[in-house]
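Notes follow once the structure below has been shown.
The values are calculated or read from the model by the stated rules, or taken from the named source; none is laboratory data. Computed from a predicted model, the values in this text were never measured in an experiment. Positions of Cβ are backbone-derived with ideal geometry, glycine not excepted, and every protein chain shown enters the neighbour counts. Only protein heavy atoms, including side chains, enter the accessible area calculation; ligands, DNA and RNA are left aside. Shrake-Rupley method; radii C 1.70, N 1.55, O 1.52, S 1.80 Å.
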Amino acid sequence: MGSKSAHAHEITRSHETLLKHRLCCFVDLVLAMVFLSFFLCLLLMAVSENDAAERIQVFVIPHSHMDVGWVYTVQESMHAYASNVYSSVVEELSRVKSRKFIAVEQEFFRLWWVNVATDWHQKQVRQLLNEGRLEFIIGGQVMHDEAVTDVDDAILQLSEGHGFLYETFGVRPRFGWHVDPFGASATTPVLFALAGFDAHLISRIDYDLKDDMQKNKKLQFVWRGSPSLKEKQEIFTHTMDQFSYCTPSHLPFSNRSGFYWNGVALFPDPPKDGIYPNMSLPVTKETVELYAQSMVDNIKQRAQWFRTSHVLWPWGCDKQFFNASVQFMNMDVLMNYINTHSDKYGVAVQYATLQDYFQTVHQTNLSWDVRGNQDFLPYSTEPFQAWTGFYGSRNVLKGVARRASSLLYAAESLFTRYRISYPDGPVQREWALDKLKALRWAVSEVQHHDGITGTESPKVADMYMEHLMQGMMGAEELLAAIFLLPNKDFVVVSDSGNVLEQHIIVYNPLAWNISTYINISVAYALAVVLDDDGKAVPAQIQQSMESSTVYDLFFVVELGGLQYRKYIVQFPQSHCDTGSACGATHVARVVKFTKKNVSQWKRTGRKLLPVLNECYKLMFDQETNLLHSITDRQMRVRVQQDFWEYEANGDVHSGPISDNYIFTANGSAIPAYKSVAMEIVAGKVVSEIRQYFYREEEDKNHTYSVVTRVPVGFEGGLACFRLEQSYKVGPLEMNRETVFRTCTSLKNNRTLFTDNNGYQMMKRTYKTFVNNTIARNYYPMVRAAYIQDDSSRVVFLGERAHGVASLSQGQLEVMLHRRLWNNQEWNLGYNLTLNDSSVVRPVLWMMLGSPSALSSIYQQEALELQHRPVLKIEIPTTGPKFSGPFVQPVVVPQNLHMQTLSIPGWNYSPDHTQHLHSLNSGRPQYTLHNKTDKTIMFHNCYVNQDLMERVGEVMRGIGEVTTVQERSLTGTWNISDLQRWSWKTNESRIDFFSGTTQDFSVTIYPKEIRTFFIYFK
């Protein structure tokens, strides 16, 4: 995201503070009065002189912040400026040896490298990397969002970028540069440490917290993002000061801007004459001293906020250095002037990379404060600018992005199994990897901090959707090829004569055994479902709520880990004997209840209707058609659920607004309905409660609906504990933000627990603010959120990100949809008003029970929701009938999650030195890619239990393991070679690293993520 309004306010505020301070001192000196302010000014002057005596070492970091999306599409950005950034930077660095530059987003660099760079450019890039004057920072495809991105997708985008850099240059990034994500998650420092980073950099944190950290010189610390891993994966973290990642452009001696000599990028085409808008005042003989004083003043102001005399001075901003020549030409003169007069200014400046800066700070050997697993969410830039709205913006895009990620997860493991079982099968390796690569890149791309967040312009949202849908189509083609291409072991037929039927392949992408139900739409009122042994399975068919000509068919499936099975769905066209297979299918009836108007509610809670399964009893109030209470095996909890709306202000002249970034509650939420209708379907596989909410009593069509599905017959299984709720929301009226509110009898004191990127849970204590309390108590929910008291916990699990809050006792609300328009010039100019007229259909699973009972299962349930079985419907064929599953299950313990099972898309070398030699000689030799190599990533889901596993035994269902090599998170380091910098702290540290034994045994600690390259016989 660019220099957005809040960021501009942040910088403007700092300039105003500096100018007011100078004016105060000037007036006091002129008056020459013996006031306290006079002595303060003298004291400040003395401090300034002392600072001059101790020279400040300044690291000028040239950079260009290039959003992979936001306002313009990737293609538009490449054409308008991004290609020119890398071409001109490489040319200018090659001319002068002292110049340096950091490159961040790999999607742009890779496109430039493949499609634009000449042989000369490519040669110079390699030379600059060898000299340490061009440095790749982060190294991911994008600078991913930290609030609503799932941990799996953050790892994916980082791995794709790292794989490209390693294969192409042998480079392994060592530093983070998360300057623009809207808040900072405690998960990110853990991932960066696992990837081998030595230091991390953040910027956007709450404005009042940053002010406090500046005053107390606390902007740098050692961050232990995981409460269980602690020092094992700690990382030194630098927080940018109030000026953030953009160079202050204000010049006190001119009405023109400074330091951005190439001006502002021009869309859609670069100007033919090379003259861009807003080109800064040049550095000349007349201006160089004034420029130098302005720069030195800013440097000294920043130096007061840090413990060392080393100042990181970012030079650049959004879409900068597309004309690196004019940039460096001016800055060279300015820096040379400052260094020539270093004694006068007390400052020495140099071009630098992040390694230069962090290495110097590391060598000071100071002892640093330790920050635990607290994150920096939510993020506010002003009292009425809480950046919590984007947690719910563009709900459809958030859903598609997560579905694409889940499909990729399934396709990766299925193709890996296929390659081992059928190395000479008809599905060609390179064709399959191309299909997977397209989806990997699409999922990686949308993790950008102006992508998955929903803060982009409509055309950029369309770009993300197009890339995701194309990638998903390719993955579906791969699945079809694996399942449907003929081979001698994989043929299925039916001997059902003329009975209509469908063949459905169901794949479990998780390495756990599961028992659940599948739902498909069919065109017939009766169906029979047979498993791969020809036995009838429990099924249920009922009238769909969507259409009178469509039926919902539910049937039970039981699958081993990473296992697929085939089911035959037959549609008898005549009377079916209940004593036959038809008896396994229950025909469920829809019971409709009278529509109830809110205005006519009287004495509620008297006429309660129960809906039960083996784990819960749900009571619905026939007076209101709303849920009344839920009873589990131990206790009863009052529960009411309905839809509410916040009415947003759209006129900047009338007060604070909501937009795609910001949520500003214009008062409390109000009920979004005036009447409720209900239908109940009592079933033997699932019972269904359908509730329809009408905005007005006389409306014929409902605005909102929620369908609650209660699994039946799963006693003892996880499915028994989940209450699946599917919502239909929209289209909304303009300037409405819709929440689904659950009010309970729990005494939670408005304390909420939400997940950090699906990795770990964070306690969110309600806080009261002078202004904007509602919005500033919203938090991101990526996979899970819950409220609890001593006896009960209510959990919500999501298949996409939402914003959540607990604003009253026993209450939890989830923001499901937003539609906004405002007349703020900045938003209108970039088309960022979020006029989202879509209908959204998110799904949440609700669970209720004691905290101890749910703590052991809700994380697994969250993964089962994210990675539900994948279905593929095929055309019936003829041939010999099969029996039994075709693949052996792969099952790991319930507290261990197989986070990735894939064939690498990039070439890695087990011998890094040889890899570098091959690259430098121009004859890269890849060994890993040509073997039967697989990448597997294990994640211990629990926070209090170590786990030892024998990788060979776990993988036995796939094939015989010959070699296991542990790697860093993204695969670029052999873990035995990785030596990260150790930062001195006042707290003790414990070394509890364990490698892999000769029998491939490995101990995985709580919340630990371990990556292995596995070779099969």
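Using the average count of surrounding beta-carbon atoms within 10 Å as a protection proxy, the listed peptides 463-475, 664-676 rank, highest first, as 463-475, 664-676. Mean residue ellipticity at 222 nm, helices only, the chain: -8500 deg cm²/dmol; runs of at least 4 DSSP H residues each add -39,500 (n - 2.57), and the sum is divided by the number of residues.
Of the residues W906, F1013, L436, the one whose Cα sits farthest toward the positive end of the charge dipole of the chain, with +1 on the Cβ of Lys and Arg and -1 on the Cβ of Asp and Glu, is F1013. Here's the list of lysines a cross-link from K123 could span, going by alpha-carbon distance under 17 Å and ignoring same-chain residues fewer than 8 apart: K97, K100.
Accessible area per residue was computed with a 1.4 Å probe on protein heavy atoms; R256 scores about 110 Å². May I ask which of K215/K984; K984/K1007; K592/K674 have a Cα-Cα span longer than 28 Å here? Long pairs (Cα-Cα over 28 Å): none in the table.
The accessible-area ordering, largest first, of the residues V396, V125 stands as V396, V125, per a 1.4 angstrom probe.
Please state the equivalent ellipsoid semi-axes for region 611-702: what are the square roots of 5 times the Cα gyration tensor eigenvalues, largest first, in whole Å?
Numbers: eigenvalues 243, 61, 27 Å².
Taking √(5λ) for each eigenvalue gives 35, 17, 12 Å, largest first.
Taking a ≥ b ≥ c as the square roots of the eigenvalues of the alpha carbon gyration tensor, region 275-391 is oblate, as a/c is not under 1.5 and a/b does not beat b/c. FRET efficiency for the pair E987 and V839, taken as 1/(1 + (r/R0)^6) with r the Cβ-Cβ distance and R0 = 30 Å, rounds to 0.05. In percent, rounded to a whole number, the relative contact order of the chain is 14, using alpha-carbon pairs under 8 Å and six or more apart. For K210, a cut-off of 13 angstrom between C-alpha atoms picks up these aspartates and glutamates, skipping any fewer than 8 places away in its own chain: E10, D241, E382.
If you roll a 1.4 Å probe over the chain with all protein chains in place, what percent of the accessible area is carbon or sulfur? C and S fraction of accessible area: 51 percent. Within the straight-line cut-off of under 18 Å between alpha carbons, the lysines reachable from K435 are K872, K934, sequence neighbours fewer than 8 places apart in one chain being disregarded. Set against the 2.2 N^0.38 Å expectation for a compact globular protein, region 566-659 has a Cα radius of gyration ratio of 1.83. Judged by the ratio a/c of the largest to the smallest principal axis of the C-alpha gyration tensor, region 508-578 counts as oblate, that ratio being 1.5 or greater while a/b is no larger than b/c.
Judged by the gyration tensor of its Cα atoms, with axes a ≥ b ≥ c, region 624-778 is oblate; a/c meets the 1.5 cut and b/c is at least as large as a/b. Rounded to whole Å, the principal axis extents of the Cα atoms in region 202-327 read 58, 35, 25, largest first. The C-alpha atoms of the chain define a longest principal axis, and helix 5-31 lies at about 30 degrees to it. Heavy-atom accessible surface of Y345, to the nearest 10 Å², is about 10 Å², with a 1.4 Å probe and all protein chains retained. With a cut-off of 13 Å between beta carbons, the residues surrounding Q327 carry a summed charge of +1, where Lys and Arg count +1 and Asp and Glu -1. As a rough guide to protection, the peptides 803-810, 721-728 ranked by mean Cβ packing within 10 Å, highest first, stand as 803-810, 721-728. Taking every protein chain into account, the accessible area of the chain amounts to 37 square angstrom per residue (probe 1.4 Å).
The equivalent ellipsoid of region 404-560 has semi-axes of 32, 24, 14 Å, largest first, where each one is the square root of 5 times an eigenvalue of the Cα gyration tensor. A Cβ-based charge dipole, computed about the Cα centre of the chain with Lys and Arg at +1 and Asp and Glu at -1, lands at about 1300 debye. Computed with every protein chain present, the accessible area of V590 is close to 50 Å² [probe 1.4 Å].
Secondary structure note: in the chain, about 85% of the DSSP beta bridges are antiparallel.
Rg over Rh for the chain works out to 0.99, using Cα positions for both radii and the Kirkwood form for Rh.
Computed from Cα atoms alone, the Kirkwood hydrodynamic radius reported for region 743-894 is 18.8 Å. Largest accessible area first, the residues R750, R695, R638, R980 order themselves as R638, R750, R980, R695 under a 1.4 Å probe with ligands, DNA and RNA left out. Near V839: Cβ cut-off under 14 Å, other residues only, Lys/Arg at +1 and Asp/Glu at -1. The net charge is +3.
Only the Cβ atoms of Lys and Arg (+1) and of Asp and Glu (-1) were treated as charged; on that basis the dipole of region 492-574 about its Cα centre amounts to roughly 60 debye. Of K398, K767, K123, the residue with the largest accessible area leads and the full order is K123, K767, K398 (1.4 Å probe).
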